[in-house]
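Data first, discussion second: the structure below is written as structure tokens.
The values are calculated or read from the model by the stated rules, or taken from the named source; none is laboratory data. Just so it is clear, the structure is predicted and the values come from calculations on it, not from any experiment. Don't worry about glycine lacking a Cβ; one is built from the backbone with ideal geometry, like all the others, and counts go over all protein chains shown. All accessible areas refer to the heavy atoms of the entire protein, side chains included, with ligands and DNA or RNA removed. Shrake-Rupley method; radii C 1.70, N 1.55, O 1.52, S 1.80 Å.
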Amino acid sequence: QVDFAVSGFQTLPVGFPVNAKIGVAALEGDNLKTGDDFQFKAASLPAATPFTKISDAINPVGNFFNETISNNGVNVADRVPTSTNTMGFDIDNVKVPNPNNGVIPNGESSATLRLTTDGDGYGAFVTTFAVDIIEPKIVLTKEVFDNSTPPKNMGDKDVTLSQQLNYVIGFQNQGNDNATSF
């Protein structure tokens, strides 16, 4: 087995689901030889907590490195050649299973990736790790009205020098953070 650390990320705080993806590229993984796994463990989990074996519909437990090119459990077919057997070459991007944030907890900032085999040899040469982040999406609106009763919307209208206008500014956060005032 080979372990390597992943750090420098920050998962969402309590109250949000933690969604993550792991990518890996490797050489010499074989479709018919089994025994290889790609595993993950968050640093804040107790030492006795086992590593989670990463898998999906294309990359099963026990044969993760199986000569495929996949994204989220689907073979990537818009390439040349389109073969599902890539003769020992793997590039896979998989979602980390995380029910109830039990694999990657809220507030996590480091983890260990583990590559194992007891039958198939392979050489991983690149890995990627991505988690959702807090991302506000601020939508601002501006409306302009004159001082008449009732006020007239002056958007797209000519105004004169020294004419009094009232601006109504709106703010709405449509993102995944909790900003409510501005």
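Quick notes
- On segment 1-65, 59 percent of the accessible area sits on carbon and sulfur atoms, based on a 1.4 Å probe.
- Under 13 Å of direct C-alpha separation, and excluding same-chain neighbours fewer than eight residues apart, residue 152 reaches these aspartates and glutamates: 143.
- Extension gain for the segment residue 106 to residue 126, taken as residue separation times 0.36 nm less the Cα-Cα distance, is 4.6 nm to one decimal.
- Euclidean distance between Cα centres, segment 1-47 to segment 103-182, Å: 28
- Rounded to whole Å, the principal axis extents of the Cα atoms in the chain read 82, 45, 23, largest first.
- Within segment 88-111: backbone nitrogen closer than 16 Å to the residue 75 label point (7 Å, Cα to C-beta): 88-93
- Counting every alpha-carbon pair across segment 98-182, the share separated by more than 15 Å comes to 77%.
- Among 143, 67, 135, the order of accessible area from largest down is 135, 143, 67, computed with a 1.4 Å probe on protein heavy atoms.
- Integer Hz, Karplus 6.51/-1.76/1.60 couplings in order for segment 73-87, x for Gly and Pro: x, 10, 4, 7, 9, 8, 8, 10, x, 8, 4, 8, 10, 9, 6
- Loop-located trypsin sites (Lys or Arg not before Pro) in segment 20-92 (DSSP state other than H, G, I, E, B) with a sparse environment of at most 15 neighbouring Cβ atoms within 10 Å: 79.
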